[in-house]
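Chemist: I am attaching a structure below and will ask some questions about it afterwards.
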Amino acid sequence: MPNFPRTAAIIVAAGRGLRAGAGGPKQYRTLAGRPVIARALQPFCAHPEVFAVQPVTNPDDTAIFNEAVSGLDFRPAVGGGATRQASVRAGLEALVELAPDIVLIHDAARPFVTPDLISRAIVAAGQTGAALPVIAVNDTVKQINGDGCVVATPDRAQLRIAQTPQAFRFDVILDAHRRAARDGRDDFTDDAAIAEWAGLTVSTFEGDAANMKLTTPEDFSREESRLTAALGDIRTGTGYDVHAFGDGDHVWLCGLKVPHNRGFLAHSDGDVGLHALVDAILGALADGDIGSHFPPTDPQWKGAASDKFLKYAVERVAARGGRIANLEVTMICERPKIGPLRDPMRQRIAEITGLPVSRIAVKATTSERLGFTGREEGIAATASATIRLPWGADGLAG
């Protein structure tokens, strides 16, 4: 093997995950606000020793896949087969043109893989050619017959629980998969089993107890609770914005184009609702304000749609490992009337941020004909944001 093997990764995400319950394929459900598949892909995409990441998906899932993994760098997904084994072979064939030395094969339903585990997999494959991560069995295991009666008690000291990513020399596992397909064998449950069948010696290396596979609704409930509990740094921020009216026939409010007899005087689209929300989120992060990130003196933001600013603020929270718990914005104006627009505004903010509508509030008030808003010279908005971050997310001791 070369001193620095070229390593590729296959992420298998073509299954339906029926045992996980309602909510669609389990790899596209969210945990702590982030899709499972994004959590599984990201460590491979960011690993310095992995040069190519090949997802394998169900062709029917193209739209939800693209939405779930937006922003990550990987090869175009290839369609999977009727079984996990067929899907892995599709991923291997897609990598042939790249001729990697080592390939890591990982299940998308394992969203807690760490960079250290990926590194151990690469080292193990380089040393032995075929290896899988395992963890010890802590409970006594019983072998039973068809009647449910115990027939044996295996020695648990010799038993291990298999995980992914499983790691192989690319050429040998590709050959093993091709041989299995030619022989009509499609009953293997993991790639190590195919390697064993092909006559390879499969070694093991230290796995990670946290690298669990999500299978049942209880798995999702437990991990959601664990991840949420880890976000113990709860912060709030407030925002305020105002824009004067000028000539025009519409205004942008909370992401909606609203017909009006005036327009906003603004450098961007003047959306006071979204601007106030951006400032609230940045304030909760202690990360400046909208003007410091998108200065009005910069011509690139001339006429810019404010949904870009809000998406950016949400991404700043995600980059710190955090989650937005609640957003609230209050519009202060005489006209246009906000009441009929409240729910469409909430829905639009939900689309921009990826939050459930139930975590977004839009309110409105007038100033009783007092001040510039009362004189209908402009519109103001206030906002608040509650976010949750891991302790130490700002680099300080937790």
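Chemist: Pick out, from A130, P55, Q143, the residue whose Cα sits farthest towards the positive end of the charge dipole of segment 44-143, with +1 on the Cβ of Lys and Arg and -1 on the Cβ of Asp and Glu.
Modeler: Q143
Chemist: Can you give the Rg to Rh ratio of segment 256-330, both from alpha-carbon atoms, with Rh computed by the Kirkwood formula? It would help to have the intermediate numbers written out before the result.
Modeler: Values: Rg = 13.0 Å, Rh = 13.2 Å.
My calculation puts Rg/Rh at 0.99.
Chemist: Continuing with the same structure: How much accessible surface does W252 have with a 1.4 Å probe, in Å² rounded to 10?
Modeler: It works out to around 80 Å².
Chemist: Okay, next question. Helix 36-46 sits at what angle to the longest principal axis of the chain, using alpha carbons and giving 0 to 90 degrees rounded to 10?
Modeler: Taking Cα atoms only, the helix is inclined about 80 degrees.
Chemist: Sticking with this structure for a sec: Which residue, S70, A108, I332, has the largest displacement toward the positive end of the dipole of the chain when charges sit on each Cβ (Lys, Arg +1; Asp, Glu -1)?
Modeler: I332
Chemist: Mind listing the phi-derived Karplus ³J(HN,Hα) values for segment 346-351, rounded to whole Hz, using 6.51, -1.76 and 1.60 with θ = phi - 60°, and x for any glycine or proline?
Modeler: Here the 3J(HN,Hα) series is 4, 5, 5, 5, 4, 5 Hz.
Chemist: Using Cα springs under 10 Å in a Gaussian network model of the chain, which residue among I135, I122, I11 shows the largest mean-square fluctuation?
Modeler: Ranking I135, I122, I11 by mean-square fluctuation puts I135 first.
Chemist: While we're here: Between Rg and the Kirkwood Rh of the chain, both from Cα atoms, what is the Rg to Rh ratio?
Modeler: Values: Rg = 26.3 Å, Rh = 24.1 Å.
On the Cα set of the chain, Rg over Rh gives 1.09.
Chemist: In whole Å, what three semi-axes, largest first, describe the equivalent ellipsoid of segment 119-179 built from its Cα gyration tensor (square root of 5 times each eigenvalue)?
Modeler: Three semi-axes, in Å: 31, 16, 8.
Chemist: For a quick check: with amide H placed at 1.01 Å from N, whose amide H comes under 5 Å from T204's, ignoring anything fewer than 5 positions away on the same chain?
Modeler: Amide H neighbours of T204, under 5 Å, 5+ apart: L132.
Chemist: Points 7 angstrom from Cα along the Cβ direction at A230 and V137: gap in nanometres?
Modeler: Taking the two extended label points, one gets 2.8 nm.
Chemist: Further, regarding this structure: Can you list the equivalent-ellipsoid semi-axes of segment 1-148, largest first and in whole Å, using the square root of 5 times each Cα gyration tensor eigenvalue?
Modeler: 25, 23, 16
Chemist: Still on this model: Give the Cα extents of segment 257-299 along the principal axes, in whole Å, largest first.
Modeler: So the three principal-axis extents are 38, 22, 11 Å.
Chemist: Computing the accessible area with a 1.4 Å probe over protein heavy atoms, can you report the carbon and sulfur percentage for the chain?
Modeler: Here carbon and sulfur together make up 51 percent of the probe-accessible area.
Chemist: Once you charge only the Cβ atoms, +1 for Lys and Arg and -1 for Asp and Glu, what is the size of the charge dipole of the chain about its Cα centre, to the nearest 20 debye? Let's see the in-between values first.
Modeler: Values: 42 positive and 47 negative charges, 108 e Å.
Roughly 520 debye, rounded to the nearest 20.
Chemist: Taking the Cα centre of segment 315-371 as the origin, how large is its charge dipole in debye, to the nearest 20, when only Lys and Arg (+1) and Asp and Glu (-1) carry charge on their Cβ atoms? All intermediate terms of the calculation are to be shown ahead of the outcome.
Modeler: On the way: 11 positive and 6 negative charges, 13 e Å.
Once rounded to the nearest 20, the dipole reads 60 debye.
Chemist: Calculate how steeply helix 84-95 sits against the longest principal axis of the alpha-carbon atoms of the chain, using the helix alpha-carbon long axis, and give the answer as 0 to 90 degrees to the nearest 10.
Modeler: Once rounded, one gets 80 degrees.
Chemist: A further question on this structure: Using only the alpha carbons of segment 300-395, what is the convex hull's orientation-averaged projected area in square nanometres? Walk me through the numbers before you get to the answer.
Modeler: Working: hull surface 31.7 nm².
Averaged projected area of segment 300-395's Cα convex hull equals 7.9 nm².
Chemist: Can you list residues from other chains, or at least 5 along the same chain, whose modelled amide H is less than 5 Å from the amide H of A52?
Modeler: A9
Chemist: Could you give each residue of segment 271-281 its phi-based ³J(HN,Hα) in whole Hz, using Karplus coefficients 6.51, -1.76, 1.60 with θ = phi - 60°, and x for Gly or Pro?
Modeler: Running phi through 6.51 cos²θ - 1.76 cosθ + 1.60 with θ = phi - 60° gives 6, 5, x, 5, 4, 5, 5, 4, 5, 5, 5 Hz.
Chemist: Can I ask one more? If each of T153 and L256 carries a label point 7 Å out from its Cα toward its Cβ, how far apart are those two points in nm?
Modeler: Here the modelled spin labels are 6.8 nm apart.
Chemist: Still on this structure, I have one more. If the cut-off is 16 Å between C-alpha atoms, which aspartates and glutamates fall inside it for K337, apart from same-chain ones fewer than 8 positions away?
Modeler: Reachable aspartates and glutamates: D249, D271, E368, E376, E377.
Chemist: Amide H neighbours of A364 under 5 Å, at least 5 residues apart or on other chains, H built in the peptide plane: list them.
Modeler: HN-HN under 5 Å from A364: M331.
Chemist: Highest GNM mean-square fluctuation, the chain, Cα pairs closer than 10 Å: which of A77, A131, A305?
Modeler: Result: A305 has the largest fluctuation of those listed.
Chemist: Return one number: the angle in degrees, 0 to 90 and rounded to the nearest 10, between the long axis of the Cα atoms of helix 115-128 and the longest principal axis of the Cα atoms of the chain.
Modeler: Taking the Cα atoms of the chain, the angle to 115-128 is about 20 degrees.
Chemist: Sort out for me the Cα centre separation of segment 190-254 from segment 289-330, rounded to whole Å.
Modeler: 21
Chemist: Calculate, for the chain, the solvent-accessible area per residue in square angstrom, rolling a 1.4 angstrom probe over the heavy atoms of the protein chains. Mind dumping the intermediate values first?
Modeler: On the way: 18990 Å² over 398 residues.
On a per-residue basis, 48 Å².
Chemist: With a 1.4 Å probe and all protein chains kept in place, how do E351, E334 rank by accessible area, largest first?
Modeler: On the way: E351 110, E334 15 Å².
So the residues, ranked largest to smallest area, are E351, E334.
Chemist: Can you list the lysines whose alpha carbon sits under 17 Å from that of K213, skipping same-chain ones fewer than 8 residues off?
Modeler: The qualifying lysines are K26.
The values are calculated or read from the model by the stated rules, or taken from the named source; none is laboratory data. Everything quoted here is computed from the prediction, not taken from an experiment. Counting neighbours? That spans all protein chains shown, and the Cβs are built from the backbone with ideal geometry, glycine included. For accessibility, only protein heavy atoms count, side chains too; no ligands or nucleic acids. Shrake-Rupley method; radii C 1.70, N 1.55, O 1.52, S 1.80 Å.
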